[in-house]
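Inspection log for the structure reproduced underneath, given as structure tokens.
The values are calculated or read from the model by the stated rules, or taken from the named source; none is laboratory data. Values in this document were obtained by computation on a predicted structure and should not be read as measured data. Neighbour counts are summed over all protein chains in view; Cβ atoms, including those assigned to glycine, are modelled from backbone coordinates with ideal geometry. Note: accessible area is taken over every heavy atom of the protein model, side chains too, but ligands, DNA and RNA are not part of it. Shrake-Rupley method; radii C 1.70, N 1.55, O 1.52, S 1.80 Å.
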Amino acid sequence: MAEKNEEQPSGRSLTKLNMRRTILVTLPFMGALTFWQAYDGLVPLMFKNTFGMGDTLTGFFMSLDNVLALFMLPLMGALSDRTNTRWGRRTPFIVVGALLAAALTPLIAVANAMHNLPFFVTVLVATLVVLSIYRSPSVALMPDVTPRPVRSKADAFNSLMAAVGGVIVLVAISLLVPAVENPDYIPVYLVISFMLLVTTIIFMTFFREPKEVEAMHRESAELGIPEDKIEASDEGGKEREKDPVKRRSLVCVLICVFFYFMSNNAVTSGISRYADVVWGMAGGSYAQVQTVATLAAIVAYMPMAELSCRIGRKVTTYIGIALMVVSPLLISGASGFSPIIYVWVAIFGIGMATVSLTVYPMIVELASANSTGRYTGFYYTASMSAQVVTPILSGTVMQFVGYQYLYIYVAICAAISATPLLFVQNADSLTMDEVRERQAAAEKGER
């Protein structure tokens with residue numbers, strides 16, 4: 001009888017997230033995104049205004065982090081797959097990388113204040129390296145501790161927490177960066193360092209990876225997911241890659257990811273310069289526009305995740321892409337800045353959030369448990385490849401074609417990202433209705 005009781009359903013609805021676990025597992029990614037929010041907006045201004053670089057050359061330097069990530073992120077993801085410590089597979093990478101990043105981040109602003117380009121580039125590259133140590137492991141940790149049917153919700157919450165961190169940094173930028181030619185960025189980067197440190201300390205104190213992975217296995221068993229679908233061997237992951245349907249689906253999702261980031265990163269890496277030239281927003285005032293987009297994303301994450309669980313990830317992704325096409329066209333058609341721009345920017349933020357919360361779970365759905373880190377590396381290879389190309393290409397468009405064409409470029413890239421989704425199969429997990437049916441059947445059987 002004791003063995004039977006151990007297999008009984010927990011009584012908790014399996015269509016809902018374990019919020020304590022989900023909040024803790026999203027903290028490292030939230031800390032990292034506070035850095036990237038400032039990186040995309042402020043570093044181009046440093047290169048252009050402090051060191052006098054043109055938009056094309058600035059775009060080249062902005063792509064260096066993504067060139068580095070092309071090698072580092074798949075390597076760290078695969079390495080964390082094979083790691084086995086008493087703290088778990090991902091936690092050592094997360095803690096070491098985040099603490100080093102917290103120490104290095106303020107030195108970027110110090111080097112800028114010194115007008116020392118070699119020191120600036122050295123510190124910047126060092127920070128990017130240590131962030132790359134834990135970016136793939138921190139993202140791969142979410143599916144490690146989340147049952148398959150609710151991964152879209154968990155990924156949405158992950159993005160939501162990251163967006164909250166981004167809003168904090170955007171508010172700091174708008175308040176702490178004055179509208180002068182060469183502002184002092186040190187206060188903003190101290191805020192970022194503080195965020196990295198606090199999120200890491202909370203994660204270290206309250207999250208125990210092996211315990212949470214074990215809990216995920218129990219919950220998956222309650223859903224009726226076979227053991228070989230929860231924790232497959234390394235060979236199982238390789239066998240899946242040989243399946244022609246799944247291989248084609250994986251490639252098509254990765255192509256979608258590539259063009260999604262071509263669109264998205266063109267905005268994040270170009271908005272500060274675009275706002276300065278086209279809208280006349282100097283200093284940190286561009287952050288007001290980005291704050292609106294990020295707040296809209298925060299509001300959209302959970303409802304769109306719920307929608308994806310009901311109508312499927314592919315259909316939801318098409319909705320997000322449509323918003324990412326329409327809103328930039330409206331922005332580009334405006335003769336100048338006006339309050340209506342905030343509406344178009346908010347629509348873009350909703351579209352961006354919608355696509356971001358569906359594409360990664362699609363990739364994870366095609367992976368085995370022991371290849372999640374490797375597949376996360378594939379995701380980042382696609383996204384970082386786009387972010388190598390798009391700062392240079394969009395910078396060239398702004399410099400030689402015209403700043404006003406930035407959002408035309410954004411809309412075109414978003415539209416292209418929709419095409420490969422036509423060929424994607426096996427990207428949706430159990431629907432919420434199926435989960436409820438399984439749980440109701442299990443509870444009825446116990447009676």
Sequence-distant or interchain residues sharing an amide H contact under 5 Å with LEU17, placed H: which?
none
In whole Hz, with x marking every Gly and Pro, tabulate ³J(HN,Hα) for region 196-203 from phi via Karplus 6.51 cos²θ - 1.76 cosθ + 1.60, θ = phi - 60°.
4, 5, 5, 4, 5, 4, 4, 4
With region 9-91 reduced to its Cα atoms and the Debye formula applied, log10 I(q)/I(0) at q = 0.25, 0.26 1/Å amounts to -1.19, -1.21
Would you mind getting the Kirkwood hydrodynamic radius of region 43-142 from its Cα pairs, rounded to one decimal in Å?
14.6
Quick one: Cα centre-to-centre distance for region 92-148 and region 163-186, in angstrom?
19
I'd like the FRET efficiency for GLU214 and PHE119, computed as 1/(1 + (r/R0)^6) with the beta carbon distance as r and R0 of 51 Å, rounded to 0.05.
0.65
Please report the accessible area of GLU306 (heavy atoms, 1.4 Å probe, ligands and nucleic acids excluded) in Å², nearest 10.
50
Out of HIS115, ILE94, MET161, whose Cα points farthest toward the positive end of the dipole of region 82-200 (charges: +1 Lys, Arg; -1 Asp, Glu; placed on Cβ)?
ILE94
Once both labels are modelled 7 Å past Cα along the beta-carbon direction, what's the TYR342-ASP184 spacing in nm?
3.1
Using the basic label-point model (7 angstrom from Cα toward the beta carbon), what is the ALA221 to ASN49 distance in nanometres?
5.9
